[in-house]
Each structure stands twice: as structure tokens, then as C-alpha cells.
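See structure below.
The values are calculated or read from the model by the stated rules, or taken from the named source; none is laboratory data. Being a predicted model, the structure only gives us computed values, none of them experimental. In this analysis, Cβ positions are derived from the backbone assuming ideal geometry, glycine residues included, and neighbour counts consider all displayed protein chains. We work out accessible area using only protein heavy atoms, side chains counted, and drop any ligands, DNA or RNA first. Shrake-Rupley method; radii C 1.70, N 1.55, O 1.52, S 1.80 Å.
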Amino acid sequence: MTLASTIQQLCFLVLAAVVVVGALGVVLLPNIVYSAFLLGGVFLGVAGLYLLLNASFVAAAQILVYVGAVNVLILFAIMLVNKKENLAAIPGLLLRRLLSGGVCAGLFVLLLRVAFTTHWALPGPLPVGEEATIRIGEHLFSDYLLPFELASVLLLMAMIGAIVLARRDVYSSDVITGEPVDQGLIEKTRTPLLIDPSATSAAGAQPLLETTP
Amino acid sequence: METTTLVSSGLDLQASFVDTLQGLGLSPGAARLLWLPLPMVTVLVAAVVGVLVNVWLERKISAAVQQRIGPEYAGPLGVLQPMADGLKLVFKEDIIPARADGLLFTLGPVLVLVPVILSWLVVPFGQNLLISNVGVGIFLWISLSSIQPIGLLMSGYSSNNKYSLLGGLRAAAQSISYEIPLALAVLAIVMMSNSLSTVDIVNQQNGAGILSWNIWRQPVGFVIFWICALAECERLPFDLPEAEEELVAGYQTEYSGMKFALFYLGSYINLVLSALMVSVLYLGGWGFPVPVEWLAGWLGQSVDAPVVQVITATTGIVMTVLKAYLLVFFAILLRWTVPRVRIDQLLDLGWKFLLPIALVNLLVTAALKLAFPMAFGG
């Protein structure tokens, strides 16, 4: 075994251990903040595995999207809604845990069987290395155009939904100047969302997007 | 572009080093293994020395702006002052606040510093003078810099202090908001260079010296990138995460000693790195205002002659560092010229102004590339 392949094996073992242990930690740790940080570690480990497979563009995209965006948003959500409260005891917790553990173990056995019975040495095109970026771009704009566009429509829907949810409570007039504000986009005829500032006390219902001075 | 063919291969230190060691009877693999740590250590040392220079410049220029003298007694012109600062931080007591999360508190500053240092992987000082010419180059820098907010959130959360938490949240929000216009500005450059690699981006700019630098073709992108880079480095006018009259010191409030020094080091390395990236993307990287190939031609020298190669490489390093420190100088001047923005103004500027402008810039660049493929790297 040459030096290069030894180091590759070592890297794979370390990364695989990071991913497996990290993922177990995400599921099993009681502290949700630790879980979120460990999730970031798992994403980084997966990016490392991509790097080991010569897919550097996918690895960088994995870090940018999953660590830089998804995980940071999860952390944001946790830290903004960080109420330390004891959850109500759930009846039959042990039974529930045993059941979900059994389901997970069954799935694991199934995956193991698939992993061991499949003939993995699939004949494929030669690895392209650094050319992969160009190849991915070509695919995205030719045969994968429809899934790509559908994904963007899905993201757009999610974004509009987030805006509507975030701006549930809005005043019909500007709080400071008193001028009427056009919120026709989210106004519905049957369930009026606009609050008349004279009707409600102004203290409780600040718009969500307004930051503290 | 056809200009890339003009560029000579330049000084290849790795090949020479490996050849020399093989001449001494080592196997090629062992020679390469001995070479590997050298550029890494060199760049790490260069980054740290760069920070020391930066701190000294910051003190001296700030003093000059405010009509003071600045550090004077530590060495000639106070050049040893940053060393004194660093030593002081090393000897300070390492305090972990009561009921803070010790593990995350320690891990936070490390997570802030490591991605910044890793990004030096792709900073080119010459045709072959970089640690690794990875194909994804500039994209690697963008994705690595997106790890930083996690470290900031971690240290803000684990400090058990409301100012720290607010500072961490602000830092992460700012970082995410300004990442997008920054990436779009970089994308316009990548579109013109047909490559993500930093070396290719510089080569594409060095056809006609100063005239072919990207700043003339991407003036809007340059301004967007510079604003976003300042915001990513949390420099004034965007230093809200550590705004002292509001948040004491933001996420660094509870830190002292070496852990504080890691933040300090990280922010200054990041500033130098951003300045280097601006010079790589917009100011022709290692390129001399007049192409070195032309100069060599006028002087009747071959570009491939060893002496010329050494001179070319040296000018390359000097030019890169010079451009970067010119930008650092502007960043320090900006610090004392522009007042700090409010957090809502900051987010408005990022999302409602820079993002649309960056999108328009990208579209215009694409249109110009289709219309004038000669000038915009078709």
C-alpha cells in the first residue's frame, strides 16, 4: 500500500467516524443546541467525504448551502426561541423510544443488506476531476433543466410562505407617520389580517420585522 | 482568452525543490512529502506577520488621522507595539465565565479563525506561488467564509451573556446578508474569466497591464465587493456585532487572553485576506501595471531566463502585497471617515440595495459578454 492510499484510507475512516458519531449525537443528545452544532459537524464531514471522492465543487457547495445557510438558520431559530422550559412528561416514553428504536434498527438492517448484496463496481464514465464544474453546469442547463426549475419554484413558494407567515400582524397604517400602508398582497377578504392600531393596544403587537432600536 | 498564452509558466519552486531532493537520492514521493508543509508554513507565517503589520498600520494611521503620534517607544516608530500587544494577550488569564458552556466557549474562536486561515490556500502571489491551485478556487473561499457565523453564534451563545448573544446573532445575520451580493459580484468576474481558479482570474487580467484589470470592466462589482468585504470583516462602518456603545463588545465581551487574541487575529487576517481577494479579482493580482513580459522584451531579455524569472516572481509578490495594503489603508481611513450604520440600515443596505444592484451587474455582464466577447472574455 502506498503512502497516498494509506492517507486516503485514514481520512476516510476519520471522516466516516465523524459523520456516524456526529449523527448519533444529533439524534441522542438532550440539548438541542449541541444537536444543531453537531449537525454542522456532520455536514462538514460529508463535505470532506465528497472531497475525498474528487468532487471538490460538490464539497464546496455542500459547505456553502448546508453549513453556511441551513445550519446557521437552524441555530438562529434555536437561539431566538431559546426558552428554557421543562417539557411535559409524555406517557409511555419508554415504549415510544423502544418502538422508534426498533423501526430505526430495522431500517438499518435493511440498508446493510442492500449494501452487502449490491454489486457496487458499476461501470461508469471516467472521473472528470476539476472538469466536474463544467459538467454539472451543462447538465443543469440541458437534461436536468426541468428539475432545476421546479426546485427554484419550490424555493420561491417557500420564500413567499415565509414572508406571509412572518408578516401576519401588520398595521393598516404606518405607526410613526400615520399614513396608510398598502398591504394588499397578504390581505384576504374572509380573514382580515390588518389590525387597526386604534382597536388594539400598540404595546403587544409589534410587527415582527421591526428591530429594537 | 488568448492572452493566457502569453503568460510564461514562471518560477516553479516546487519542481525545482523536488528535482534538487531527487538529485540527493530521495524518492519522488518522499521529496514531495518534504515539500508539502513548506508553502503552508510560509503562508501561515506570512499571514501572522501581515496581521502584525496591519495592527501597527492601524495604530499609526488612526493616530495620524486624529493628529496624534501613536505608538512611539516600542522600537523605531513603534513597530514593536503589535508584538507587545500580542505578548500581553498571551500572558493574560484565561477566564471562562460562571455558568458558561466551557466546551462551546473554547471551540467558538477556533471555528472563527480556522476557515479564515484555510482560505489562504487559494491566494496566489504568482503563477505558481500559491499553496494549491484548486479548480474551485474562489468558490472555496466563499464557502469557507460561510462557516464563520457558526463560530460567532457558538461563542455568543456559550458566553451566558445577553450582549454576547445579541452580538453573535447580529454577526451571523450580517454575515449571511452580505454573503449573497459578495458571491454575485464574484460570479460576474467568474463569468468573464471562464474559470473559478484564482490563477486563471489573474491571468485573464494581465494581457495589457493596468488597462486590462477587471476594475475597469467591473466598476460596480468592485464597489459592491469592497462594501461586502468590509461588512464580512466587521470593519467600521459595519462593526455592529461589536458596537461598543450598544453591546459592550458583542460576542467578544466575555473573552480574554488567548481566546480573545484568536478573534483579534481572525478579524485582521480576514481583513488582509479580503484585501488580497479584491486585488486578485479586480486589481490584476500579482500583475505589474506594465506587463513584465513587455518590459523584458524592451530590455532584450528572455522571459524564461532564470534571473528574469526570479525578478518577475519578486515583483509579483511585492505587487500583490502592495495592492492589498493599499486597500487596507483605505479600510483604515474609512474607519475614521464614515459613521457607523444602524442594524436596520445595515440589513436594508444589504438586501434592498446591494443585492438588486449585484443582480443587475451580473445580468449586464452576461449581456456584455454576449455582445462583446473580445472585451469581456467570451
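Table for the structure above
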quantity	calculated
Residues losing 40 Å² or more accessible surface upon assembly, the stretch A:40-72, compared with the chain by itself, 1.4 Å	A:F57, A:A60, A:I63, A:L64, A:V72
Within chain B: Cβ-based charge dipole about Cα centre, in debye rounded to nearest 20 (Lys, Arg +1; Asp, Glu -1)	320 debye
Heavy-atom surface of the protein assembly as shown, accessible at 1.4 Å and reported per residue (Å²)	56 Å²
Rg to Rh quotient for the protein assembly as shown, alpha carbon positions, Kirkwood Rh	0.99
Computed [θ] at 222 nm, deg cm²/dmol, chain B (DSSP H ≥ 4; -39,500 (n - 2.57); rounded to nearest 500)	-21000 deg cm²/dmol
Between helix B:219-232 and chain B: long-axis angle, C-alpha atoms, 0 to 90°, nearest 10	40 degrees
Members of the stretch A:12-38 that become less accessible by 20 Å² or more once partner protein chains are added (1.4 angstrom probe, chain alone as reference)	A:V33, A:Y34, A:F37
Gap separating the Cα centres of the stretch B:31-64 and the stretch B:189-250, nearest whole Å	20 Å
Gyration tensor verdict on the stretch A:1-76 (Cα atoms; rounded if a/c is under 1.5, prolate if a/b is larger than b/c, oblate otherwise)	oblate
Farthest toward positive dipole pole in the stretch B:151-255 [+1 Lys/Arg, -1 Asp/Glu at C-beta], among B:L166, B:A183, B:L153	B:A183
Listed residues B:S159, B:S302, B:S132, most fluctuating in chain B (Gaussian network, C-alpha, under 10 Å)	B:S302
Number of partner chain Cβ atoms within 10 Å, mean per residue of B:139-150	6
For chain B, fraction of C-alpha pairs farther apart than 25 Å, in %	59 percent
Positive-pole candidate from A:S56, B:F125, A:W120, dipole of the protein assembly as shown, charges at beta carbon	A:W120
Fraction of accessible area attributable to carbon and sulfur, the stretch B:227-378 (%, probe 1.4 Å)	75 percent
Heavy-atom accessible surface that B and A bury in contact, both chains counted, 1.4 Å, Å² to 100	2100 Å²
Net charge contributed by nearby residues that have their C-beta within less than 15 Å of B:I180 (K/R +1, D/E -1)	-2
For the stretch B:21-83, alpha-carbon Rg and Dmax in angstrom	19.9, 61
Within 10 Å of each Cβ in A:74-80, the average number of Cβ atoms from other chains	4
Label-point separation, B:S256 to A:L140 (7 Å along Cα→Cβ), nm	4.9 nm
Net dipole in debye of the protein assembly as shown [+1 Lys, Arg Cβ; -1 Asp, Glu Cβ; about Cα centre; nearest 20]	880 debye
Convex hull projection area averaged over all views, the stretch B:73-232, Cα basis, nm²	12.8 nm²
Rounded percent of accessible protein surface that carbon and sulfur make up, the stretch A:1-158, 1.4 Å probe	76 percent
Shielded residues, the stretch B:116-137 - accessible-area loss of 30 Å² or more between chain alone and all protein chains, probe 1.4 Å	B:G135, B:V136
Ratio Rg/Rh, restricted to the stretch B:175-253 and using Cα atoms, in which Rh is the Kirkwood radius	1.14
Ordering of B:137-150, B:89-102, B:359-372 by packing [mean C-beta count within 10 Å, highest first]	B:137-150, B:359-372, B:89-102
